[in-house]
Amino acid sequence: MNVGRTALHSCVSILFALFSISAIAENDYPRPEKYLDQGDPAGYTLAARNFLEKQPNSGLAPRVAFDLLMVATVFQNQPQVEKMQELLALDYPQSLQARYFRSTFANASDYRQLLSGLIDEFSREQSPTFPEHFTQGMGAAMDDFGDQLLDDPDFLLKSVYLLEAAGEVREKKDLLARLKPMLDQLDQDDDLAQIAALAADSQQSKSKKAIALHDFSHNQAAQFLRDLLLFQMTEDEREEPAIRQISAEASIQDKKFADALALLERQPLSEDGDKIIFQRAWSHAALGQPDNARELLAQLEAGYPDSPWLAPARELQEAMEQYDSRLEVFTDALIGAAGALAELEALEGTLLYTRAPTNTPITAYVAMDIGGNSFETQLRRSEELELAYRTAPEGAILYTKGEKVLRRTSEPGPVPSFKVDLQPSPEGGFSFSLSANLVNDVDDLVRNNRSLLESPFLTTREGAAELLNYLQQSGFLLGKVGQRDGQTTLKLLLPDARDPEAMTSEIFHINATGQLVGLAIGDIEVRNMHYGESESMTFSPPEWPPLDTVMTKEFSAGLFFSIIENMAQLFMAPSEN
């Protein structure tokens, strides 16, 4: 930590010279040096936040936001990093600090990703000032990045209607004109063009548009536009039963069961009564009120004996009745699997991803050996090899689709790495983050995730139970535990608030020794996973293409980041690229 603090002091000193304001009194704003010299980053964070809350319009506010961003980055306080990024991007976009902040992004695409994340956060927690602030931030970003910032139809569509919400009618028309040719180029199976047409239909009221968009709310753009319309409605418009219903279902989609229940309890049961009763029961269960849930489930059984909602209702009933016993099994499995992963020396497995709406299968083979410092991956789309890469102490070899040769180096290459982080959220519950990078060797990849594998939420009964209880509060059901051929199968079930037949399952396979050997989560499935000591592992990689080999000096980091970015496109729908 002393190294990090020394580095931070250097950054603060340099940037203080860049951003200093003349004739500032000593106590005009909280200075990070004062707190860090005393080893008190938490004290600085509190002082800076108090300053920004009490004096958001101060000329020093951008300076404090930037200083806090640096401190939060060095001390890995991700919630504060995200909050300060938002302030610099949207609240103080014309400040010198914000301009410097934008200059740290490699390209328009990276900065667009930040703005897209802020849009998604607004959809979850709406603020009346966001559209205006987003418009300011968008204008400043356009000055720096130009039209490349708009090279994404999903982002552009959302931006159009945020500008409209901010009263920027002319700018909305300009962006709509940019959007049309992008939509024309999308695949026929992509919903974005139809969603854009629904949003642009001037003959329909807000209510009818919101209801129509609700039918597409599996799509993030439709979900955002629906929520923006709900946000713009008057109280009288929100009181329409149909609007109350989609508002409740939107709250369930966002795991806000208390908000959903408050709306559902006011809904008449004359239409879709069985669905509403199930939604109320599910909400009570998620809120830790099983007696209320049981009473409603009995009402559903008695009043609607032929209802399709009885199937998820029975799953809910069983999950509540068996919760304690299932919680114990899930807790033991979670702790055992995390412990086995923490001790691995070598790993091999295949990830399968089926991308909607085309159902294109994408497979990624991954193998690594910590003791041997080797790593291999192969990525295929519809059985066609897109990328193959292997690095070991004796050198590295690379193939990319379209190449006529295999490229080889005599030195080890970098290792594509990821970091998974699981932390309790200040607002309650947990926050999950995933980041990717390049590291020098396989040991660095494992070291990046050591804090996750040693987390008390994965290694202690109390922590694991807290994590599993949070999943229950988020609407998941602990499903029936299966036993077959010495293997345990655990299921997390998630009902669908609108379709009684659309319950999803997240499945985890644990072998007799406690190892996680497979899983299926949404569109992602991990197969043939095994790991253990290096000496006991035998790898079985798919064959490489039979091409001639060309020696090269090294694989540059720029080449790898380009490859990683291109490969990431395989996992995205065209409108999400």
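One Cα centroid belongs to the range 270-321, the other to the range 179-257; the line between them spans 27 Å. For Rg/Rh (Cα atoms, Kirkwood Rh), the value computed from the atomic coordinates appears in the list (i) 1.00; (ii) 1.19; (iii) 0.97 under label (iii). The value of relative contact order for the range 327-570, using C-alpha pairs under 8 Å at least six residues apart, is 23 percent. Computed 3J(HN,Hα) for the range 99-113, one whole-Hz value per residue from the Karplus formula 6.51 cos²θ - 1.76 cosθ + 1.60 where θ = phi - 60°, is 5, 5, 4, 5, 5, 7, 8, 5, 7, 5, 4, 5, 6, 4, 4, glycine and proline marked x. Along the range 34-46 the Karplus relation, 6.51 cos²θ - 1.76 cosθ + 1.60 evaluated at θ = phi - 60°, assigns HN-Hα couplings of 4, 7, 6, 4, 9, x, 10, x, 5, x, 5, 4, 5 Hz to successive residues, with x for each Gly and Pro. Structural descriptor for the range 311-435: relative contact order 11 percent, calculated from alpha carbon pairs under 8 angstrom and at least 6 residues apart.
Per residue, the convex hull spanned by the alpha carbons of the range 199-242 comes to 67 Å³.
Which links in LYS256/LYS491; LYS83/LYS158; LYS158/LYS180 stretch past 18 Å when you go from one Cα to the other? Write out the running numbers ahead of the final one.
Details: LYS256/LYS491 23 Å; LYS83/LYS158 21 Å; LYS158/LYS180 14 Å.
As for pairs spanning more than 18 Å Cα to Cα, those are LYS256/LYS491; LYS83/LYS158.
For the range 242-253, putting each phi into the Karplus relation 6.51 cos²θ - 1.76 cosθ + 1.60 with θ = phi - 60° gives couplings of 5, 6, 4, 5, 6, 5, 5, 5, 5, 5, 4, 4 Hz, in residue order, rounded to whole numbers and with x for Gly and Pro.
Suppose a student asked you for the relative contact order of the chain, using Cα pairs under 8 Å spaced at least 6 residues apart; what percent would you report?
On the way: 814 pairs, mean separation 59.4, N = 577.
Answer for the chain is 10 percent.
Amide H to amide H, with H built 1.01 Å from N, GLN487 comes under 5 Å of no residue 5 or more places away or on another chain.
Near ARG355, the amide H atoms lying under 5 Å from its own belong to THR360, ILE362; only residues 5 or more places off or on other chains count, and H is placed 1.01 Å from N.
Every number here is computed from the coordinates shown, using simple stated rules; none is lab data. These numbers come from a predicted model, not from an experiment.
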